[in-house]
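A short reminder: the numbers here are calculations on the coordinates, not readings from a lab. This is a predicted model, so every value here is computed, not measured. Neighbour counts are summed over all protein chains in view; Cβ atoms, including those assigned to glycine, are modelled from backbone coordinates with ideal geometry.
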Amino acid sequence: MKLYKYAAALLLLLGMAMTGCSDSDKWTPGPQDTNIGVCAYFEIPTTTSYIFGSDYDDEDMVITVPVGRQDTNGAATVGLIMKSDVEGFSCPATIDFADGEAETSFTISCGGIPKGAIYNVAVELAPDQTDTYGEGLIQINFTAIKADWKVASDRARYIYSDGDKNIYPSTYGELLQLEGTKIFKLTDFFGSGLDMTFECKTPDETVFMPRENADFENVADEDKEDNGWYLYDDATSSYPSSWVPGGLSGYKAMSYLLFYADKDLSYNGCNMLYNEKTLYGYIWFTVGVDFDDDSFKWGSFQIDFTLKYNPFAEDKNENE
């Protein structure tokens, strides 16, 4: 009851203040946002980076973008404004909603972009059909690249340790590099069946940050440090099913795998070229492992590999 009385008094004072302002000869009302049309919007996308192989046909190099609207009365046409730093992207100038239709979609064609570099594209909804303070986004941004993966190491070894001993036998995947970039991909990441794409701009030790299959949002604050994340399956929008690396019998299955990360490398580190002569590199993580029998264990998981080539050799030559 005290809270109610306080709120009522506050509203009364606010009303008096507003009345006083409106009586002033110097006060004029602010501009009203009336040109919002159907209140069209983009939903927040789950994927914003697209990789197209050189064997893709132009018609397959597309990004499908859903568009919603809040006012579904009548048919409507909404303008699209595309912005890009390179020629080769294209999209329609408008999209159409049928009467009562709440969602439609369009495609951004990436077929004309040059090969071997990451390019940005953005699409904005026409201002006369959007509400800046409404639902969703009025502009959406993507990156796209046309390039192929090449094998940097065909024997990336996953090591599962609890700090004292290995809790699983080692399993193996491949380490791939996207041509023309410093983007890499690990296959069968820690025996989960998922691939893990990451960017590493330096051969020296740096923090490992995933570009896919990672859930940053649902990590408790006390566990998050700077950039903690769960292994997550983007394709199915779910956590991976319980798995035993290598599918071996007699071992407890993992159900969740929490990776810790921070900027000072206390919890993880990616060293792509620890030994330049042998092209040996490694990646290590501090992890929290939840097993499917509801038990938990801290882990020190590692990946080691010997590269087939130095992916940073061109950078070194440019700097010399």
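Kindly provide the GluC sites (Glu not before Pro) of region 161-255 that DSSP labels as loop, not H, G, I, E or B, and whose Cβ sees at most 11 other Cβ atoms within 10 Å. Show your work: numbers first, answer last.
Values: sites: Glu174, Glu179, Glu199, Glu205, Glu212, Glu217, Glu222, Glu225; in loops: Glu179, Glu205, Glu212, Glu217, Glu225.
Filter output for region 161-255: Glu217.
Rounded to the nearest 10 degrees, the angle from helix 2-22 to the longest Cα principal axis of the chain is 60 degrees.
Look at Tyr230, Tyr274 and count the other Cβ atoms within 10 Å of each Cβ; fewest to most, that gives Tyr274, Tyr230.
With r as the distance between the Cβ atoms of Asp60 and Arg157 and R0 = 30 Å, compute the FRET efficiency 1/(1 + (r/R0)^6) and round to 0.05. Step by step, r from the Cβ atoms, then E = 0.30.
Multiplying the residue separation of Asp294 and Ser237 by 0.36 nm and subtracting their alpha-carbon distance yields 18.3 nm.
The amide H of Gly37, built 1.01 Å from its N in the peptide plane, has no neighbour under 5 Å, considering only residues 5 or more places off or on other chains. What residue among Asp188, Asp99, Asp234 shows peak mean-square fluctuation when the chain is described by a Gaussian network model with Cα springs under 10 Å? Result: Asp99 has the largest fluctuation of those listed.
For Lys277 and Phe216, the FRET efficiency from 1/(1 + (r/R0)^6), where r spans their Cβ atoms and R0 equals 30 Å, is about 0.25.
Would you list Val38, Val207 from fewest to most Cβ contacts within 10 Å?
Values: Val38 23, Val207 17.
Fewest to most other Cβ atoms nearby, the residues stand as Val207, Val38.
For a label point 7 angstrom out from the Cα of Thr181 toward its Cβ, which stretches of region 123-161 have the backbone nitrogen within less than 18 Å? In region 123-161, the label zone of Thr181 (backbone N under 18 Å from the point 7 Å along Cα→Cβ) covers 141-153.
The residues Thr107, Thr64, Thr187, when put in order of fewest to most other Cβ atoms within 10 Å, stand as Thr64, Thr107, Thr187. A dipole drawn for the chain from +1 and -1 charges on Cβ atoms has a positive end, and of Trp229, Gly134, Asn166 the residue lying farthest that way is Asn166.
When only Cα pairs under 8 Å and 6 or more residues apart are kept, what is the percent relative contact order across region 149-319? The partial results should precede the final answer.
Numbers: 405 pairs, mean separation 37.1, N = 171.
RCO, region 149-319: 22 percent.
Neighbours of Gly112 by Cβ distance under 14 Å: Lys/Arg scored +1, Asp/Glu scored -1, total -4. Counted by Cβ distance under 9 Å from Ala76, the other residues give a net charge of -3, where Lys and Arg count +1 and Asp and Glu count -1. Subtracting the Cα-Cα distance from 0.36 nm times the residue separation, let me have the gained length for Lys201 to Ser49 in nm, one decimal. Stretched out fully, the Lys201 to Ser49 stretch lengthens by 53.0 nm. Each residue of region 184-191 is assigned a 3J(HN,Hα), and the resulting list reads 10, 9, 9, 8, 6, 4, 6, x Hz, derived from the Karplus form 6.51 cos²θ - 1.76 cosθ + 1.60 (θ = phi - 60°), x at Gly and Pro. Here region 84-116 and region 149-213 have alpha carbon centers that stand 34 Å from each other. In a DSSP loop and with at most 11 other Cβ atoms within 10 Å, the trypsin sites (Lys or Arg not before Pro) in region 222-276 are Lys263.
Calculated translational diffusion coefficient of the chain (10 °C, 1.306 mPa s; Stokes-Einstein with Kirkwood radius over alpha-carbon pairs) equals 67 µm²/s. P(r) tail for region 149-319: Cα pairs beyond 26 Å make up 26% of the total.
Please state the shape class of region 40-146: rounded when a/c is under 1.5, otherwise prolate if a/b exceeds b/c and oblate if not, all from the C-alpha gyration tensor.
On the way: a/c = 2.38, a/b = 2.02, b/c = 1.17.
The shape class here is prolate.
Near Asp233, the amide H atoms lying under 5 Å from its own belong to Ser238, Tyr239; only residues 5 or more places off or on other chains count, and H is placed 1.01 Å from N.
Counting only helical runs of four or more DSSP H residues, what would the 222 nm mean residue ellipticity of the chain come to if each run contributes -39,500 (n - 2.57) and the total is spread over all its residues? Mind dumping the intermediate values first?
Working: 3 runs with 32 residues, N = 320.
My calculation for the chain gives -3000 deg cm²/dmol from helical runs alone.
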